[in-house]
Amino acid sequence: MENTILLVDDESDIREVLSLPLCDLGYQVSEAETGDQALEIFRELQPAIVLTDIKMPGMDGIELLQKIKHENPETEVIMITGHGDMELAVRSLKSDATDFITKPINVDALEIAVQRAKDKIITREKLQEYTENLEKLIHEKSELQSHLASLGLMIASISHGIKGLLTGLDGGMYLLKSGFAKENQNQVQEGWEIVQLTVERIRKMIMDILFYSKERNLKLERTDILDFVEEVTKELEQKIQCQKIEFIKDFEPGVGEIEIDRTYLHSALINIIENAIDACSADKAKKGHRILFSVKRLKEKIIFELSDNGIGMPADAQKGLFTPFFSTKGSKGTGLGLFIAKTIIEQHGGEISVKSNLGQNTSFRIVIPEI
């Protein structure tokens with residue numbers, strides 16, 4: 001309590017004489033007759049300033065000073081000493097007393113000592129405030145630097161991705177133009193497929209960027225898991241068939257319901273399945289490719305597992321797989337898809353893990369608990 005002074009002296013008349021000017025200075029004065037009593041009051045009230053006599057029966061002032069400083073080093077303690085007790089006064093200063101005044105006590109000297117203690121408290125508070133503001137400023141600066149670095153990385157990644165997409169779009173448009181000029185239907189069809197694929201990649205890039213740029217709270221709804229995964233797979237089945245990839249669904253009957261953000265989790269699973277499609281398409285070493293998508297319940301958790309026998313990944317790629325702007329696809333990826341998927345899964349209180357063997361296979365495991 002900043003406006004409270006604890007006055008400790010075994011002589012009641014001394015306490016009475018000192019209480020009057022302290023009250024006039026605007027302080028609330030609590031009195032104690034002994035060191036033990038003073039320590040009890042101190043622990044209860046936590047006064048900012050203690051004014052104590054040095055020589056008292058039982059616990060003396062120096063012992064009281066040491067105990068108070070041990071419990072709260074920021075308490076300002078002013079010592080009262082008799083004339084000629086300079087050795088005791090010096091001992092008290094070595095024990096971190098704020099000041100000392102001698103008997104008979106002069107009111108002006110008392111006021112000066114109390115004001116000095118108050119000034120120390122104010123200075124310490126200002127220093128603490130300054131330190132906290134400085135720490136806050138440093139933290140904000142670090143965050144700003146991190147955001148700027150992230151923004152720079154994002155711009156570089158997106159620019160690189162857009163450049164690749166524009167190259168693909170130019171190629172498709174050239175084939176279309178050339179095909180129409182030559183009346184070559186096969187060339188027109190090839191060019192149109194390239195344009196369609198590039199437009200789809202642009203759409204996905206824009207959706208990833210929009211997701212990354214804003215925060216969104218989950219909108220949970222009770223969802224039938226089988227209906228949900230059928231909805232997810234329906235969106236990509238045609239794309240998988242066009243890539244001539246075998247798609248196996250292993251959905252546990254009666255898996256039940258769970259509370260999820262249907263739109264968000266749908267987006268996360270789409271990102272992971274598209275990653276599997278890309279891994280199979282990039283693998284030219286095998287003749288046949290397969291994606292297995294399974295769902296099962298384990299007590300209060302839903303387990304989604306997705307595996308493919310595509311190109312696989314080296315160990316270092318697996319470590320960076322879920323970090324923003326990390327991509328193993330070069331200009332074909334933004335490096336945001338799997339980062340976004342992991343973010344969505346963790347927002348649901350879940351977790352995602354990956355295992356992969358270069359040139360052989362990759363499997364993702366997603367665990368979503370009942371929220």
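The values are calculated or read from the model by the stated rules, or taken from the named source; none is laboratory data. Note that the structure is predicted; figures quoted are calculated from it, not measured. When we count neighbours, we look across all protein chains shown, and the Cβ atoms used for this are built from the backbone with ideal geometry, even at glycine. All accessible areas refer to the heavy atoms of the entire protein, side chains included, with ligands and DNA or RNA removed. Shrake-Rupley method; radii C 1.70, N 1.55, O 1.52, S 1.80 Å.
Around the Cα centre of the chain, unit charges on the Cβ atoms of Lys, Arg, Asp and Glu (plus for the first two, minus for the last two) sum to a dipole of about 3480 debye. Over the Cα atoms of region 1-46, the radius of gyration divided by the Kirkwood radius equals 0.96; this is the Rg/Rh ratio.
For the peptides 49-55, 363-369, residues were scored by their other Cβ atoms within 10 Å and the scores averaged per peptide; the highest-first order is 49-55, 363-369. Counting only other residues whose beta carbon sits under 10 Å from that of ILE352, what net charge do I get with K and R as +1, D and E as -1? Around ILE352, the charge tally is 0.
With axes computed from alpha carbons, what is the tilt in degrees of helix 262-282 against the longest principal axis of the chain, rounded to the nearest 10 within 0 to 90? The helix 262-282 is inclined about 50 degrees to the chain.
Extension gain for the segment ALA282 to ARG116, taken as residue separation times 0.36 nm less the Cα-Cα distance, is 52.1 nm to one decimal. Taking 7 Å steps out from each Cα toward its Cβ at GLU40 and GLU63 produces label points 1.6 nm apart. By accessible area, using a 1.4 Å probe on protein heavy atoms only, the chain has 53% of its surface on carbon and sulfur.
With the simple model of a label 7 Å out from the Cα in the direction of the Cβ, GLN185 to LEU220 spans 5.6 nm. What fraction of the DSSP beta bridges in the chain is antiparallel, stated in percent and rounded to the nearest 5? If I count the DSSP bridges inside the chain, around 50 percent turn out antiparallel.
Size of the chain: Rg and Dmax of its alpha carbons, in Å, are 37.3, 117. With respect to the chain, whose longest principal axis is taken over its alpha-carbon atoms, helix 12-24 is tilted by about 50°.
Counting only alpha carbon atoms, the long axis of helix 35-45 and the longest principal axis of the chain meet at about 40°. Each label point was placed 7 Å from the Cα along the Cα-to-Cβ direction; for GLU193 and GLU135 their separation is 6.2 nm. The residues of the chain expose, per residue, 57 Å² of accessible area to a 1.4 Å probe. Across region 177-189, coupling constants 3J(HN,Hα) worked out from phi with the 6.51/-1.76/1.60 Karplus curve, θ = phi - 60°, read 4, 5, x, 5, 5, 8, 6, 9, 5, 5, 5, 4, 5 Hz, and Gly and Pro carry x.
At R0 = 41 Å, how high is the FRET efficiency between GLU346 and ASP170 if r is their beta carbon distance? Nearest 0.05 is fine. Given R0 = 41 Å and the Cβ-Cβ separation, E is 0.60.
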